[in-house]
1. Per residue, what volume in Å³ does the convex hull of the Cα atoms of chain B enclose?
2. Averaged over its residues, how many other protein chain Cβ atoms are within 10 Å of peptide A:70-77's Cβ atoms?
3. Roughly speaking, what is the centre-to-centre gap between segment A:78-138 and segment B:13-49 when only Cα atoms are used, to the nearest Å?
4. For the charge dipole of segment B:45-152, defined by +1 on Lys and Arg C-beta atoms and -1 on Asp and Glu C-beta atoms about the Cα centroid, which residue among B:59, B:128, B:70 has the Cα displaced farthest towards the positive pole?
5. Can you give me the long-range amide H partners of residue A:111? Hydrogens built in the peptide plane at 1.01 Å from N, cutoff under 5 Å, separation of 5 or more residues or another chain.
6. Compute the Rg to Rh ratio over the protein assembly as shown from the alpha carbon atoms, using the Kirkwood formula for Rh, and round to two decimal places.
7. Can you list which of the DSSP-assigned H helices in chain A have a Cα extent of 24 Å or more along the long axis and an average Kyte-Doolittle score of at least 0.0?
8. Once you have a ≥ b ≥ c as the square roots of the Cα gyration tensor eigenvalues for segment A:23-68, tell me rounded if a/c is under 1.5, and otherwise prolate or oblate according to whether a/b is larger than b/c.
There are 2 protein chains.
Amino acid sequence: MSGRLQAELRQSKPFSSLEQETHLNLVRTCEHLEQGIEETLKPSGLSPSQYNVLRILRGAGEQGLACGEVAERMVTRDPDVTRLLDRLEQRGFISRTRENRDRRVITVRVTGEGLNLLRDLEQPMADIHRRQLGHLGEKKLEMLIQLLEEARAD
Amino acid sequence: MSGRLQAELRQSKPFSSLEQETHLNLVRTCEHLEQGIEETLKPSGLSPSQYNVLRILRGAGEQGLACGEVAERMVTRDPDVTRLLDRLEQRGFISRTRENRDRRVITVRVTGEGLNLLRDLEQPMADIHRRQLGHLGEKKLEMLIQLLEEARAD
DNA sequence: TGATATTAATCGAAGCAACGATATTTGACA
DNA sequence: TGTCAAATATCGTTGCTTCGATTAATATCA
């Protein structure tokens, strides 16, 4: 068994299976990375989910997206996108307009202010990603990606 | 670039760097695994953190652990362990006793009821781990563990 | 000793998340 | 057409998280 996680957990026989050890390593790594992301976003008062939504909307461009489409594209699934959007709208980063074509759907768009915020975050976010994972090098990153995609394919 | 995550995100140019792609793959995979864990734990009304605490305490045995030590050993860091323990104590899965040696610390122990709960969860948890990651096989799991540990070492 | 700092755990308040239930609008079809 | 089902987004409630402040006990050291 690998020693690093064992040391972190301070137990002598922490794992009952290789699958479990992998799981714990994944969760730990994720936690570690998310912590860095949160710190980078904290000055602008955005949560990772909110940042994710703004980027999704920037990707969608002028035509915007329906609420449900935003929910589908989020990295982590949010059971109540409405209130997430509420907070972004209150701060002026997105706008909502009800469609006349189908009055059930509400189209969401990122505002100019939202785009400015994203622009300001671009460099810091690139930096933190690099700092956190850059030391692995291209080859290992690709291996890791490959393994993770395979892990999700069940 | 790998195709799977790109399809999930439904964007044509989602990544500005390999590090970012790795990060997103990690978060997605974690999310996916945690979802399975949550479903397995739901019948007993435990959150992953609560389950984690019970296992930590079982590992510590009769002598128990101080609150702070529990917090240190958790997989995901919780800024307020007190209330997490409150809920477990209310349900009878743990007990708390103030130490006379140093009256600042409170020792936490898992109760018999807590141990029973853990025993009942053992098989379902082993099953879900196997179902989620077993298809990778021993070799790839070890590779993944190795890469994840390396990723955290920055 | 007495004053200050440190450590351990808890609590108050505010905001957030999760789960269902509820409008509102549209579609399907007898 | 009228009725029922489906889709879309929102809201109500309850419980959980988080942040900082607070209490209490111990350690430090002039």
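1. Taking the convex hull of the Cα positions in chain B, it is 164 Å³ per residue.
2. 3
3. 20
4. B:70
5. Those lying under 5 Å, H to H, from residue A:111 are A:94, A:95.
6. With Rg and the Kirkwood Rh in hand, the quotient comes to 1.00.
7. Taking the DSSP H segments of chain A (at least 24 Å long, mean hydropathy at least 0.0), we get none.
8. Oblate shape, in that a/c is at least 1.5 and b/c is the bigger or equal ratio.
Since every read-out is calculated from the coordinates, none of them should be taken as a lab result. Quantities reported herein were computed from a predicted structural model and do not represent experimental measurements. All Cβ positions, glycine included, derive from the backbone under ideal geometry; neighbour counts span all protein chains shown.
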